[in-house]
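The values are calculated or read from the model by the stated rules, or taken from the named source; none is laboratory data. Because the structure is predicted, anything quoted here is derived from the model rather than measured. Virtual Cβ from ideal backbone geometry, glycine too; neighbours counted across all protein chains shown.
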Amino acid sequence: MNHSGGESDHNRKLVQVTKDKNGIDLVVLRNPRGASATVSLHGGQVLSWKTDRGEELLFSSSKAVFSPPKPVRGGIPICFPQFGNRGTLEQHGFARNKTWVIDQNPPPLSADSNGKVCIDLLLKPSEDDMKIWPHSFEFRLKVCLTVDGRLILISRIRNINGKPFSFSFAFHTYLSISDISEVRLEGLETLDYLDNLCQKERFTEQGDSLTFESEVDRVYLDSCDMVAVLDHEKKQTFVIRKEGLPDVVVWNPWEKKSKSIVDFGDEEYKQMLCVDGAAVGNPITLKPGEEWTGRLELSIVPST
Ligand SMILES: O=P(O)(O)OC[C@H]1O[C@H](O)[C@H](O)[C@@H](O)[C@@H]1O
């Protein structure tokens, strides 16, 4: 296995493959200070990201189901090749419901492995996938934990088809927060967004920063490459950096909608906010042989 953090025994201990209670492979990354990240091969989905004090930073529903054919409610589901219902495929595309494999020999990525503990996963379309989305691709996902506890996800999608294809994409990131009334989202001021609650109509953000008092389901277009989620109660800020991902999806189902989602626990909507690095309003088109890279980096910093 290529651990990308070096081949020493020390680094091997930092990447462990175990099985969950359904027999699905889980990859646990640990940094030398004790922070960790867990990635399931079901969906290639990051399920957990913890600080060196063991504090969980990603939300997972108490009612989450961790086995196919359902995607897991929480962590960082991968929406590909379709986001939401914007196309003919199942909601959010098929990638989050597929079994990924560990990529033993990934093509190198420039300057992205030093000092990190990483795992490389691979998804290729099955014959059934090709029937509903007839485009051959290789999807490589690299998940890394840095020495200072940052979580980095890098998606590389290559067109190995004879013809161009287009797709939309999101790292559907469920952040764990103290309470939705305590958070503020900065970095989306003055941007245009598509509002899923108004038939995807386009509006312009007017506020200085976003606070939340009701359901929100928006795609902010062409955002800058950094947004921040300030959690006043935890006195902690999530910093979200992205590259190759033009849009930001913001979602919280609020009370009424969350009650109709079977794998959402009571009142749990208060403890989560999805803030995704995405290419949704700006889908990606790849010509034969071309590759697209999307990078998401999550970190936390103390705040007042
Ligand atoms: O329930 P899921 O299929 O996981 O989707 C959860 C949510 O994902 C995105 O945020 C969409 O914009 C929402 O409309 C959707 O409700």
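Every residue in segment 94-126 that is at negative phi and of a type in the set (A, V, I, L, M), please.
Of everything in segment 94-126, those that are at negative phi and of a type in the set (A, V, I, L, M) turn out to be A95, V101, I102, L109, V117, I119, L121, L122, L123.
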Original post:
Regarding R150, is this residue in contact with a strand residue (DSSP E or B) (Cβ under 8 Å, 6 or more places away or on another chain), under 18 Å from I240 (Cα atoms) and charged (D, E, K, R)?
Top reply: yes
**OP:** Quick one: which residue in A228, A170 is under 27 Å from L122 (Cβ atoms), small (G, A, S) and assigned to a strand (DSSP E or B)?
**Re:** A170
Original post:
Can L194 be described as of a type outside the set (D, E, K, R), farther than 30 Å from P106 by Cα, in a strand (DSSP E or B) and within 22 Å of the chain's Cα centre (by Cα)?
Top reply: yes
Original post:
Could you give every pair whose Cβ atoms fall below 7 Å, whose first residue belongs to segment 222-242 and is at pLDDT 95 or above, and whose second residue is aromatic (F, W, Y), counting only separations of at least 6 or pairs across chains?
Top reply: A228/F238; V229/F238
Original post:
Could you say which residue among F83, F66, F94 is out of contact with any Gly (no Cβ under 7 Å at 6 or more places or on another chain) and closer than 14 Å to I24 by Cβ?
Top reply: F66
**OP:** May I ask you to say which residue of I152, I157 is surrounded by 22 or more Cβ atoms within 10 Å (Cβ to Cβ) and part of a strand (DSSP E or B)?
**Re:** I157
Original post:
How about segment 197-219: which of its residues are without any contact (Cβ under 8 Å) to a residue 60 or more places away in the chain, in a strand (DSSP E or B) and within 12 Å of the ligand (Cβ to nearest atom)?
Top reply: V216, D217, R218
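How many residues does segment 204-221 contain that are among the charged types (D, E, K, R) and surrounded by fewer than 12 Cβ atoms within 10 Å (Cβ to Cβ)?
Going through segment 204-221 one residue at a time, the tally reaches 2.
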Original post:
What strands (runs of 3 or more DSSP E) lie completely within segment 32-139 and have 3 or more residues being more than 14 Å from the ligand (Cβ to nearest atom) and either polar (S, T, N, Q) or surrounded by fewer than 18 Cβ atoms within 10 Å (Cβ to Cβ) (or both)?
Top reply: 36-40
**OP:** State which residue is surrounded by the most Cβ atoms within 10 Å (Cβ to Cβ) when the search covers only segment 249-297 and only residues that are among the hydroxyl-bearing types (S, T, Y) and either more than 13 Å from the ligand (Cβ to nearest atom) or in a strand (DSSP E or B) (or both).
**Re:** T293
